[in-house]
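Right, one structure below, let's go through it.
The values are calculated or read from the model by the stated rules, or taken from the named source; none is laboratory data. What you see is a predicted model, and the numbers here were worked out from it, not measured in a lab. Neighbour counts run over all protein chains shown; Cβ positions are idealised from the backbone, glycine included.
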Amino acid sequence: MTVEGIFTGIAAYLRGFLAGAPPWVVTLAMGVLYLIGVLAFIFLNALYLIYLERKISAYMQQRIGPNRLGPHGLLQSVADAVKLLGKEDIIPRGADRWVFIIAPILIFIPATMLYAVIPFGKGMVPADLNIGVFYFLAVASTTTIAILMGGWGSNNKYALLGSMRCVAQMVSYEIPLTFSILGVIMLAGSLQTSQIVAAQGKVWYILLQPLAFIIYFVAATAEVNRAPFDLVEGEQEIIAGPYIEYTGMRYALFYLSEYANLVSVSALAVTLFLGGWQGPWLPSWLWFLIKVYIMIFIFMWVRWTFPRIRIDHLLSFNWKVLLPLSLANILVTGVGIKIYQLLTLGRW
Amino acid sequence: MAAAAENLRTEEIQLNMGPQHPSTHGVYRALLTLDGEKVVGVENIIGYLHRGIEKLAEDRTYTQVIPYTDRLDYLAGMLNNLGYVQTVEKLMGIEVPERAEYLRVIMAELSRLASHMVMVASMALDLSGWTAWFPPFRERERILDLFEMACGSRLTVSYMRIGGVAADIPPGFLPALESFLNDLPRMIAEMNGLITGNEIFIARCQGVGKIDLETALAYGITGPNLRACGLPFDLRKARPYGIYDRFEFDIPTLNNGDSYDRFVIRLLEMEQSARIIRQAMDQLPEGPVQAKVPRVIKLPRGEVYHQIEGAKGILGFYLVSDGGSKPYRLHIHSPSFVNLGALPRISIGGTVQDFVVNIASIDIVLGEVDR
Amino acid sequence: MDNFIQELQRLFPDLEVREGADMPALVVPADQLLALMAELKEKRGFNFLADLTAVDYPEDKRIEMVYHLLSVPGMAEIRVKVNLDRQQPEVPSLTALWPAANVQEREAFDLMGVKFPGHPDLKRILCPDDFAGHPLRKDFRLQTEGGE
């Protein structure tokens, strides 16, 4: 078993145990195993992305960052997570009880589901759907509902303001996000993530679709509510917005899904624009991770550099700048494809 | 569809912003009336930090009042000290030694620098410019270190005395001050690079919380906030107190009177304060730092109103003496209190986010607002 | 400065002028305050209300309103005083002339109990709404818990 095949090898080995079982049992068991793998990936990522974010911001701000617990403060996030688990679980008296309770669960489910279509490496897609990108966008958009539920259910004015901002922001930014991806899909001719990666064997789509990449990056920043588009939380104005009344593990679930979404939009960016797991010498899954973390680093860099944008600027920027640009990008891509076909194949 | 639209109705909501809120800069509460995100009504609710300093002063000797003044604008303690002791000296009619005058100017301008640094840092932070918070606070730390060298305290300094200052500066003070002044331009450049020229920052501040000169004067706005409206009105120049007439400096003005100008004017004023400090360092004479004053200070019967250019605007002390050893009445005219009175005027019509910018840009300190 | 005060005295015969250590003080009856202030603001260039406060003199049974005006940028200063009955202190509000008077009059009302007819929203500002008494009056005693 090579380093390259370490994960696929494990999967094949486990599948071997179930050789005699009926097919649906195998599928179910493997599905559970993939879920465990993805959950472990999310939890570990969230813990250490928080650590990473704190360290990166600290170095940008002439500080040291967490450095007390464990070597270089590596255990700080673990301690924070344990602390959050031990916090009292408060449900405000005026809250809409069930909506309040369900919201953090509802936000975490799509955050996990997104990973089903991410190609982590060669032959490492948990569920290689033929409508993978479409599935990703559809599932990602349900996050809005969960945040709205949290904000409404909290029965708090700041939370309400935050969830209203959330709806306005996320619904509008989904449109340029989708349109920017359309260019890639036109080039690849497929919605299947593994095929999009395979189609980038010669040239990464960031070179063919630079504008789409920028639009995707901006819209994705808004989709995952990160600065400068973190209006939903806006802690200087509406003090964490929809999350204001949440404590302990419920709050941690929001936090966790936020980082899970950060990883998944970075992973999608890598898949669509940066050639996915492809790269020389190193194993494919390592290439994938390297690219993802570079993307995450850029997200963090932006967050610690820019002040927050205002809500009306946010929306007008979306409708007046991003959307026309993404439409123009689709047009240019279409014309480009036709010209390419004319030149290479001699026909339309 | 039309029927559904008729059944829809919108309602204004009342939002209590504060007294616990990260952007109110202290225990200040604004009762906002919101139409969606738009602010249609603002009511200032203050007094959470009211300690009755004016009343307390009536029961303290003139010297004992000095520590209370530290707690007015606690970001610029030296300036409050200066305003109060000069008021007493004016009624008493005593001369302050030269060296003490120069030390006062150095400390007062350092205090102004520290206060402006907090303002630019916290305004950047209120716009979520986290990184821009650090350069000013890094430099402010060095000002507080200088204060500590001179008087042992960092924030509540009580450095000035009636007729002089509490102590002469220690030997290492001037070199440390020199190196601080040398590093100051770098900090201002960092701020300009990080935040002043940032597109988002400009978009969020320009034209926000605009007030024209005439309205500003009618509302009693003074200090940097007034100079951002275009009037070069600075008591240090207009009617120099102490020895301010000996220094060369400019009064920076900007013309728009919006939040952006109120921010930039602070950065410009920092440079001027540094200029004054440099001149004061060069001219600093040797000599005593405390005039001879009686052990029990008694003021002649009478009244006096003295104003200085505080960090946030004109800081006035109105002192009535009945000939005894305690003030009969001490009234403190605090710039933050009056400037805050204009906040509803400049904030209505903006969004909640604009309101946060406006609070930050008029630069209030609740210790001074509530007294 | 002097002939300007004489002119004022011609316009307001009830005006009393007192020399002060730092600036002259004009003492005016409460009912003429608005007219005097308007004259000072519109015609004499005292366009800036620098300060507004009140002082309590229980022996004389009066509360004295003290206004400091400033001309910007000319930097002339003048003090205007109004003597009020300590039982019923009432003086017209200056908010129409200077909006800056709004918060300061509320403060004087809160701490000294002076009423300002014509003020748009006269209520306590520093003390809580249910506070009893006016702390800056001389007969308001400071009490410590369990003490005198």
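Details
- Residues that are facing another protein chain (nearest Cβ under 8 Å) and part of a helix (DSSP H, G or I) within segment B:307-354 comprise B:Phe337, B:Val338, B:Leu340, B:Gly341, B:Arg345, B:Val352, B:Gln353, B:Asp354, listed in sequence order.
- Matching residues, segment A:127-156, being surrounded by 23 or more Cβ atoms within 10 Å (Cβ to Cβ), at pLDDT below 85 and not in a helix (DSSP H, G or I): none
- Segments classed as helices (runs of 4 or more DSSP H), wholly inside segment B:1-98, with at least 1 members that are among the basic types (Lys, Arg) and surrounded by 15 or more Cβ atoms within 10 Å (Cβ to Cβ): B:53-57, B:77-92
- In this structure, C:Val55 qualifies as touching a helix residue (DSSP H, G or I) at 6+ places or on another chain (Cβ under 9 Å), at the interface with chain B (Cβ under 9 Å from one of its Cβ atoms), crowded, with 19+ Cβ neighbours inside 10 Å and assigned to a strand (DSSP E or B).
- Screening the candidates C:Arg62, C:Arg79 for the property of being touching a residue at least 12 places away in the same chain (Cβ under 8 Å) and over 30 Å from B:Leu226 (Cα atoms) yields one hit, C:Arg62.
- Consider segment B:355-371 and keep the residues that are at the interface with chain C (Cβ under 10 Å from one of its Cβ atoms) and assigned to a helix (DSSP H, G or I). The one that is surrounded by the most Cβ atoms within 10 Å (Cβ to Cβ) is B:Val369.
- Residues that are out of contact with any His (no Cβ under 6 Å at 6 or more places or on another chain) and under 29 Å from B:Asn339 (Cβ atoms), drawn from segment B:280-306: B:Ala280, B:Glu303, B:Val304, B:His306
- Selection within segment A:34-57 - buried (at least 19 other Cβ atoms within 10 Å of the Cβ) and polar (S, T, N, Q): A:Asn45
- Residues of segment B:87-103 that are within 16 Å of B:Val304 (Cβ to Cβ) and charged (D, E, K, R): B:Glu89, B:Lys90.
- Members of segment B:293-331 that are aromatic (Phe, Trp, Tyr) and more than 18 Å from B:Leu82 (Cα to Cα): B:Tyr328
- Total residues in segment A:53-98, condition of a type in the set (D, E, K, R), closer than 29 Å to B:Ala132 by Cα and part of a loop (DSSP other than H, G, I, E, B): 2
- Scanning segment B:115-153 for residues that are part of a helix (DSSP H, G or I) and under 27 Å from B:Pro288 (Cβ atoms) yields a count of 9.
- Out of C:Gly118, C:Gly133, sole residue that is away from chain B (no Cβ under 11 Å), touching a Pro at 6+ places or on another chain (Cβ under 6 Å) and not hydroxyl-bearing (Ser, Thr, Tyr): C:Gly118
To keep it simple, each residue is scored yes or no on (1) in contact with a His (Cβ under 8 Å, 6 or more places away or on another chain); (2) aromatic (Phe, Trp, Tyr); (3) within 14 Å of chain A (Cβ to nearest Cβ).
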{"position": "B:Arg104", "(1), (2), (3)": "no, no, no"}
{"position": "B:Glu109", "(1), (2), (3)": "no, no, no"}
{"position": "B:Val120", "(1), (2), (3)": "no, no, yes"}
{"position": "B:Pro135", "(1), (2), (3)": "no, no, yes"}
{"position": "B:Glu139", "(1), (2), (3)": "no, no, yes"}
{"position": "B:Arg142", "(1), (2), (3)": "no, no, yes"}
{"position": "B:Pro170", "(1), (2), (3)": "no, no, no"}
{"position": "B:Phe173", "(1), (2), (3)": "no, yes, no"}
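- Boolean, C:Val103 is in contact with a helix residue (DSSP H, G or I) (Cβ under 6 Å, 6 or more places away or on another chain), in contact (Cβ under 8 Å) with a residue 40 or more places away in the chain and not in a loop (DSSP other than H, G, I, E, B): no
- Pair list, Cβ < 9 Å and 6+ apart or interchain, from segment B:163-174 residues that are of a type in the set (A, V, I, L, M) to residues that are in a strand (DSSP E or B): B:Val165/B:Gln290; B:Ala166/B:Met160; B:Ala166/B:Gln290; B:Ala167/B:Gln290
- Search result, residues across segment A:301-347 that are surrounded by 13 or more Cβ atoms within 10 Å (Cβ to Cβ) and of a type in the set (Val, Ile, Thr): A:Val302, A:Thr305, A:Ile309, A:Ile311, A:Val321, A:Ile330, A:Val332, A:Thr333, A:Ile337
- Failed criterion for B:Ala124 (all others in (1) away from chain A (no Cβ under 14 Å); (2) crowded, with 16+ Cβ neighbours inside 10 Å; (3) of a type in the set (Gly, Ala, Ser) hold): (1)
- Of everything in segment B:203-243 that is outside any helix (DSSP H, G or I) and among the hydroxyl-bearing types (Ser, Thr, Tyr), the residue that is nearest to A:Phe306 (Cα to Cα) is B:Thr222.
- Inside segment B:170-202, residues that are under 21 Å from A:Arg308 (Cα atoms) and not in a helix (DSSP H, G or I) make up a count of 2.
- Here C:Val114 qualifies as of a type in the set (A, V, I, L, M, F, W, C) and either touching a residue at least 60 places away in the same chain (Cβ under 8 Å) or under 21 Å from B:Glu303 (Cβ atoms) (or both).
- The condition of being farther than 17 Å from C:Leu136 by Cα and either of a type in the set (A, V, I, L, M) or more than 14 Å from chain C (Cβ to nearest Cβ) (or both) holds for B:Gly36.
- B:Glu269 meets the conditions (1) in a loop (DSSP other than H, G, I, E, B); (2) away from chain C (no Cβ under 14 Å) in every case but one. The failed one is (1).
- Taken over segment A:238-255, the residue count meeting the criterion of being outside any helix (DSSP H, G or I) and either more than 14 Å from chain B (Cβ to nearest Cβ) or without any contact (Cβ under 8 Å) to a residue 60 or more places away in the chain (or both) is 3.
- Tally, over segment A:209-237, of residues that are free of Cβ contacts under 8 Å to residues at least 40 places away in the same chain, over 29 Å from B:Ser23 (Cβ atoms) and either hydrophobic (A, V, I, L, M, F, W, C) or assigned to a loop (DSSP other than H, G, I, E, B) (or both): 1
- B:Ile195 within 13 Å of chain C (Cβ to nearest Cβ) and touching a residue at least 40 places away in the same chain (Cβ under 8 Å): no
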